[in-house]
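Structure first, commentary second.
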Amino acid sequence: MVIHTPFTARPLALLLLFLVLLVGCAAVPPVQEMSDARQAIAAAREAGAAELASERLDLAERSLAQAELHLQSGIYRLARKAALTARESAFDALLESRSRRQPPGD
């Protein structure tokens, strides 16, 4: 028979608490990441990325569409990853469109 003293039960309780928190964090929809991706795509479009950096903008929009599908399916980890990819691609499109718009030497 094993007798749990406060000293042996504490690490087990902390481990269980950690696992509960870890699972809880994984189950949170990536609302902020989705919003950031949408805003980055809008900023890239305003900067003329549709004409000046269309491949990067297309990648951002496809990634956002994937993120939305994963979000609807409840696969939040993949939704978050796709949303971050969308934001990064949109930012790259924004930078590319700005660099193409500026005259050389500026």
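Here are the numbers for the structure shown:
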item: Full-stretch length increase - residue 98, residue 17 - with 0.36 nm per residue and alpha-carbon distance subtracted; result: 24.4 nm
item: Principal semi-axes in Å for the range 30-101 [√(5λ), Cα gyration tensor, largest first]; result: 23, 10, 8
item: Amide N of the range 58-91 lying under 15 Å from the label point, which is placed 7 angstrom from the Cα of residue 27 along Cα→Cβ; result: 74-77
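Computed from the coordinates by the stated procedures, all read-outs in this text should not be read as laboratory data. This structure is a prediction, so every number in the text was calculated from the model and none was measured. Counting neighbours? That spans all protein chains shown, and the Cβs are built from the backbone with ideal geometry, glycine included.
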